[in-house]
Amino acid sequence: MNRLRLTLACWDYDRTRALADASIRPDGIDLVYLTQPVEETFFRMLRHREFDCSEMSLSSYVASLDSPEPPFIAIPAFPSRFFRHSCIFVSAKSGIRRPADLKGRRVGVPEYQMTAPVWIRGILSDDYGVKVTDVEHFSGGEEEPGRDEKIRLNLPPSIRVRPIGPAQTLARMLAEGELDALVTARAPSTFHAQPGAVQRLFPDYVEQEKAYYRRTRIFPIMHTVVIRRDLYGRNPWIAQSLYKAFAAAKARAAEMYRQTAALPAMLPWLVAHAEDTQREMGEDWWPYGLGPNRHVLEAFLRYHHEQGLSRRRFLPDELFAKETLETYKV
C-alpha cells in the first residue's frame with residue numbers, strides 16, 4: 001500500500017525524536033522530518049507555506065484564523081511549553097525593581113505577536129496590574145537588525161508598537177538603557193555578556209513560576225502543530241494519524257526519565273528532577289489533547305484578543321481538527 005509522503009518542520013525535541021528517527025511512524029504516512037530552529041520554521045511556513053506540516057507559534061496560528069481563508073489547521077499536540085517569568089529582562093539603568101515599575105516604560109519585544117510575549121503581557125496584566133496599554137512597545141531584531149513581524153498587525157490605537165531603527169538590536173539597546181525592559185523567548189546575549197547591565201525582573205523565577213502554576217494550574221503552551229488546510233481538506237485522516245504519532249513519541253520521551261539504568265541527559269539529578277516535577281504537576285505534566293489544556297488555551301485566547309491580535313475571542317474547540325477531539329471506545 002502506498003503511504004502519503006509529508007514534510008514536517010520541527011525543532012529537535014526529546015518528545016519528537018521518535019518521529020525524527022522514524023522509530024514511530026504515523027499511520028499511512030512517510031514523514032520527512034526537517035530539524036530547524038523555530039524562527040526559521042515559523043518564517044518559512046507563515047510566509048511561503050513551504051511544508052506540509054510544521055511546528056507553529058500558537059499566537060501566529062490563532063492570528064491566521066482571522067484570514068478569510070485560514071491557511072492552516074492545528075492538532076492538539078504542543079511540542080513547546082515554557083513558564084515565562086524568567087524571560088522578562090530589565091536594564092540596570094532603568095531602576096525597575098518590581099512589575100509595577102514597568103508602567104510608562106519602553107519595553108522591547110522581537111515581535112509583538114510572538115507567543116511568549118503574549119503570555120508575559122497577560123500574566124503582568126492579570127497578576128500585577130500592568131496592562132498592555134501601560135507601556136510603549138518597541139519591536140525588532142534581538143541580536144540582528146532588521147527583524148520584521150511575520151504577520152501584519154492591525155492593532156487598536158491604544159496599543160503603541162513601533163519598530164526600532166534599521167541598525168539597532170534589542171539586546172544592545174537594553175544594555176545601554178535605550179530600552180527599560182525586554183520581553184522575549186530567548187535570553188539576550190547581553191544578559192550573559194554584561195550581567196551588570198541586564199538583569200531579570202524575577203531573579204527567583206523558579207519559585208515565582210511554581211507559585212503561578214499552583215494558583216492557576218497553567219503550564220503555558222508556546223507551540224502547536226499545524227497542517228496546511230488544503231492538504232487536510234483532501235486527506236482529513238492525516239490529522240488523527242499525526243496526533244496519535246506525536247502522542248506516542250511524547251510518551252516514549254516521558255518514559256526515558258523514569259528509568260535509572262543510565263541517564264539520557266547530562267543532568268546528574270535528572271531522575272530526582274522528574275520525580276519532583278511529577279509531585280508538583282502530576283503524572284502527565286506535559287499533556288496533549290484539548291480536554292486537559294482547555295483552561296490553558298482559554299487564558300491564552302483571552303490574552304490574544306485583549307492585546308489586539310485577534311478580532312474576536314476564539315474558543316479552544318475552534319483551533320483543532322475535529323477528528324482529534326474525540327476517539328473511539330472499545
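The values are calculated or read from the model by the stated rules, or taken from the named source; none is laboratory data. Quick caveat, the model's predicted, so the values are computed rather than measured. Because the Cβ atoms are built from the backbone with ideal geometry, glycine has one as well, and the counts that use them run over all protein chains shown. These area figures cover heavy atoms from the full protein model, side chains too; ligands, DNA and RNA do not enter into them. Shrake-Rupley method; radii C 1.70, N 1.55, O 1.52, S 1.80 Å.
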| query | Restricting to region 74-86, what's the tally of residues that are open to solvent by 10 Å² or more (accessible area, probe 1.4 Å) and out of contact with any Asp or Glu (no Cβ under 9 Å at 6 or more places or on another chain)? | reply | 2
| remark: Of LEU267, LEU309, the only residue that is within 30 Å of ILE159 (Cβ to Cβ) and hydrophobic (A, V, I, L, M, F, W, C) is LEU309
| field | Residue count for region 16-53, restricted to those that are open to solvent by 40 Å² or more (accessible area, probe 1.4 Å) and assigned to a helix (DSSP H, G or I) | value | 8
| message | Kindly evaluate ALA63 against the criterion of being open to solvent by less than 60 Å² (accessible area, probe 1.4 Å), at pLDDT 95 or above and under 25 Å from ILE151 (Cβ atoms). | response | yes
| said: Return the residues of region 88-106 that are within 23 Å of GLN168 (Cα to Cα), touching a strand residue (DSSP E or B) at 6+ places or on another chain (Cβ under 9 Å) and open to solvent by 10 Å² or more (accessible area, probe 1.4 Å); say none if nothing qualifies. | reply: ALA92, SER94, GLY104, ARG105, ARG106
| request: Report, ordered by the first and then the second residue, all pairs with beta carbons closer than 9 Å, sequence separation of six or more or different chains, a first member in region 316-330 that is in contact (Cβ under 8 Å) with a residue 12 or more places away in the chain, and a second member that is open to solvent by less than 10 Å² (accessible area, probe 1.4 Å) and among the polar types (S, T, N, Q). | output: PRO316/ASN293; LEU319/THR224; PHE320/THR224
| field | Which listed residue is in a loop (DSSP other than H, G, I, E, B), without any contact (Cβ under 8 Å) to a residue 24 or more places away in the chain and over 22 Å from ASP21 (Cα atoms), from GLU283, GLU298, GLU275 | value | GLU283
| task | Return the total of residues in region 255-287 being closer than 13 Å to ARG15 by Cβ, open to solvent by less than 60 Å² (accessible area, probe 1.4 Å) and at pLDDT 95 or above. | result | 3
| In region 136-151, the residues that are closer than 25 Å to TYR61 by Cβ, at pLDDT 95 or above and open to solvent by less than 70 Å² (accessible area, probe 1.4 Å) | HIS137, PHE138, SER139, GLY140, GLY141, GLU142
| query | If you scan region 56-101, which residues turn out to be hydrophobic (A, V, I, L, M, F, W, C) and assigned to a loop (DSSP other than H, G, I, E, B)? | reply | LEU65, PHE82, PHE83, ILE96
| said: For the list (1) open to solvent by 20 Å² or more (accessible area, probe 1.4 Å); (2) over 22 Å from the mean Cα position of the chain (by Cα), I need the number of the one condition that VAL161 fails. | reply: (2)
